[in-house]
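Let me begin by handing over the structure; questions about it come next.
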Amino acid sequence: EICACLVGSEMCIRDSMHAVELLKKRRYEEALTILRPYEDRNTALAYMSLGYDAAAYRILRAEPDAASTPDIQYMLAILASRLGDEEQAVKYFLRSVELRESLKFRGNLDPEISRLIRKYGLFREEFE
């Protein structure tokens with residue numbers, strides 16, 4: 001089957017949709033075989049899900065809209081925490097909440113973030 005591709009080196013639309021479906025099904029290794037060359041946030045998600053935290057962190061930090069995208073800031077917080085940089089993790093988490101307040105509550109569901117919330121007393125007045 002011939003793939004309808006986007007301009008330049010963009011990923012084939014069919015491959016992109018297939019990779020996203022694989023991510024949704026938690027078939028991360030299969031998704032990564034498609035995504036690896038593109039180094040985008042989906043690639044980072046696959047790396048992150050497989051425990052390749054440094055690779056995911058590098059990719060997300062390079063995303064042009066990282067500073068203004070709450071989901072990327074939140075994922076960077078998780079990754080910085082996993083990589084042992086708690087100070088940076090807290091900064092990323094607070095930025096994600098600044099961009100989307102509901103992430104404050106999401107943080108209690110992820111062990112890397114909930115630990116930081118408890119350790120540093122983040123949003124203490126709202127969680128008591």
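Taking only the stretch 105-119 into account, find how many residues are within 16 Å of the chain's Cα centre (by Cα) and in a helix (DSSP H, G or I).
Total meeting the criteria: 6.
When you scan the stretch 46-91, how many residues do you find that are part of a helix (DSSP H, G or I), open to solvent by 30 Å² or more (accessible area, probe 1.4 Å) and touching a Phe, Trp or Tyr at 6+ places or on another chain (Cβ under 7 Å)?
Of the residues in that region, 1 qualify.
Give all pairs with beta carbons closer than 7 Å in which a residue from the stretch 34-54 that is modelled with pLDDT of 95 or more meets a residue that is among the acidic types (Asp, Glu); count only pairs at least 6 apart in sequence or on separate chains.
50/29
Further question on the same structure: Here is a list of conditions, (1) under 27 Å from residue 22 (Cα atoms); (2) out of contact with any Lys or Arg (no Cβ under 8 Å at 6 or more places or on another chain); (3) not hydrophobic (A, V, I, L, M, F, W, C), and residue 53 meets all of them except one; can you say which number that is?
Of the numbered conditions (1) under 27 Å from residue 22 (Cα atoms); (2) out of contact with any Lys or Arg (no Cβ under 8 Å at 6 or more places or on another chain); (3) not hydrophobic (A, V, I, L, M, F, W, C), the odd one out for residue 53 is (2).
Can I ask one more? From the list 122, 32, which one is open to solvent by less than 30 Å² (accessible area, probe 1.4 Å), out of contact with any His (no Cβ under 7 Å at 6 or more places or on another chain) and not in a helix (DSSP H, G or I)?
Residue meeting the stated conditions: 122.
The values are calculated or read from the model by the stated rules, or taken from the named source; none is laboratory data. Small disclaimer: the values here were computed from a predicted structure and weren't measured. Note: ideal-geometry Cβ built from the backbone for every residue, glycine included; neighbour counts use all protein chains shown. Heads up: the accessible areas ignore ligands, DNA and RNA and are worked out on the full protein's heavy atoms, side chains in. Shrake-Rupley method; radii C 1.70, N 1.55, O 1.52, S 1.80 Å.
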